[in-house]
Structure formats: structure tokens, C-alpha cells
Amino acid sequence: MENNPSAGDRSEEVDLSSTGKAGSARCSSPAAIPCRSSGGLVARYLRLAEPVLRGRVVVIIAIAVFIVAGAVDGRAGLLLASTFVLFHGTYCLLNFWHCRETHCVITGAGWTSLALLGFAAALIPGETLSWYQPNVEVGGYLAILALGYALEWIVAARTGRRALQ
């Protein structure tokens, strides 16, 4: 499928080589991003969080957070794991809004929901959500990650692009 640059198309190629990603992705132009009108707050957040939440470093951070959360165990461990998952999920939601990367549709919504369930399990008294422990959150995190990148792979195979338009 070839892009037809029409008057309604507000996208441009953005080089992502500085982020450690090969190639480029289709990112919305500043005129198409509502968050830019608020002084670029979302774009600044994405730039600040990106070094921690993308690439190889996030694997090390995720492993460390989940190991500590499992060691702490109980509600405190679940709060720690849920905080990391929420941080990563909201980053993906905002990144999808900004760059339209396909996997962010799944990872953003999935991780944010997973984290909210984790917070509920940690903060609601009683045994209602006692089954939801850090190991369940880790399993959900990895399953959502796999689903997100599987969708991105399917979209890229069909369209030649990793980003949705």
C-alpha cells in the first residue's frame, strides 16, 4: 500500500536513528498532535521517559522491578510492580497518540488496565483479589507485550509499516 500525500495527510517521516531504532516510523506532524498545543508537555514526557522505557535498558529495569516486587511480596510488592506497569502503560498510550506505533495500541491499554487491577488488588481490603500477586502481573505484562508486538508484526507484514495511520 503506497502513501498518497493528499491535503488531508498530516504525517511526515521522522528519523528515529537517535532513539536506537532502525529505520523510521510515520509520526504525526506537530499540527496534528493536540498535545503540542499545551506547550509540548506530552512530547517532553515522551522524550524524558524514552531512554528508560525503550530498548535494552527497559528489559533490565523490568527484570529488576519484578524481582524486587516478588521478593517484597504481598501488597507492597504488587504496588511496586503496578507502578512500573502503569508508568510503562501510560508511556505507550501517549506514544501511540504521538507516533501511532502499532504495538502501543495493545501495550498501552493492556498494561494500564493491568496496573489498575494491581492497584485495586493491593488497596482493596479483604481476600477478593488475593489471587492477583506480582507473579500474575509479570505474566500479564509479558502476554500483553507478546500480543502487542505480534500485532505490529502482522501489520508490518501486510502494509510495510510499523505504525498505523
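Which ones in the range 71-84 are under 20 Å from Ser113 (Cα atoms) and either not aromatic (Phe, Trp, Tyr) or not in a helix (DSSP H, G or I) (or both)? Reasoning before the result, please.
Within the range 71-84, the first condition is being under 20 Å from Ser113 (Cα atoms), and the residues that meet it are 74-84.
Selection gives Gly74, Arg75, Ala76, Gly77, Leu78, Leu79, Leu80, Ala81, Ser82, Thr83.
I'm told Ala109 meets every condition in (1) within 19 Å of Tyr149 (Cβ to Cβ); (2) surrounded by 17 or more Cβ atoms within 10 Å (Cβ to Cβ); (3) not polar (S, T, N, Q) except one. Can you identify the failing condition by its number?
For Ala109, the exception is condition (2).
Could you run through the range 97-130 and say how many residues are hydrophobic (A, V, I, L, M, F, W, C), farther than 14 Å from Ala49 by Cβ and modelled with pLDDT under 90?
In the first step, residues of the range 97-130 are kept if they are hydrophobic (A, V, I, L, M, F, W, C); the result is 97, 99, 104-106, 109, 111, 114-117, 119-124, 129.
Still in the list and also farther than 14 Å from Ala49 by Cβ: 105-106, 109, 114-117, 119-124, 129.
Going one step further and asking which of them are modelled with pLDDT under 90, we end up with 129.
Residues flagged as hydrophobic (A, V, I, L, M, F, W, C), farther than 14 Å from Ala49 by Cβ and modelled with pLDDT under 90 within the range 97-130 amount to 1.
Working carefully through the options Ala43, Ala109, find the one that is touching a residue at least 40 places away in the same chain (Cβ under 8 Å), in a helix (DSSP H, G or I) and touching a helix residue (DSSP H, G or I) at 6+ places or on another chain (Cβ under 8 Å).
Values: Ala109 fails: touching a residue at least 40 places away in the same chain (Cβ under 8 Å).
On inspection, the qualifying residue turns out to be Ala43.
If you take the residues of the range 76-106 that are closer than 21 Å to Val57 by Cβ, over 12 Å from the mean Cα position of the chain (by Cα) and of a type in the set (Gly, Ala, Ser), which of them is surrounded by the fewest Cβ atoms within 10 Å (Cβ to Cβ)?
Taking the candidates together, the pick is Ser82.
What pairs come out if I take residues in the range 48-62 that are more than 17 Å from Leu93 (Cα to Cα) and at pLDDT below 90 and pair them with residues that are in a loop (DSSP other than H, G, I, E, B) and polar (S, T, N, Q) whose C-beta lies under 7 Å away, six or more apart or interchain?
From residues that are more than 17 Å from Leu93 (Cα to Cα) and at pLDDT below 90, there are no pairs.
Of everything in the range 112-137 that's aliphatic (A, V, I, L, M) and assigned to a loop (DSSP other than H, G, I, E, B), which residue is nearest to Gly70 (Cα to Cα)? It would help to see each step written out before you state the result.
Initially, the range 112-137 is screened for residues aliphatic (A, V, I, L, M), giving 114-117, 120-124, 129, 136.
Pick out the ones that are also assigned to a loop (DSSP other than H, G, I, E, B) and you get 124, 129.
Values: Ile124: 19, Leu129: 17 Å.
Within the range 112-137, the match that is nearest to Gly70 (Cα to Cα) is Leu129.
Pairs under 8 Å by beta carbon, first residue closer than 18 Å to Val58 by Cβ in the range 138-165, partner crowded, with 19+ Cβ neighbours inside 10 Å and acidic (Asp, Glu), six or more apart or different chains?
Filtered contacts from the range 138-165: Glu152/Glu101; Arg162/Glu101; Arg162/Glu152.
The values are calculated or read from the model by the stated rules, or taken from the named source; none is laboratory data. Since we're looking at a predicted model, the values are computed, not measured. Cβ sites come from the backbone with ideal geometry, for glycine too, and all protein chains shown count toward neighbours.
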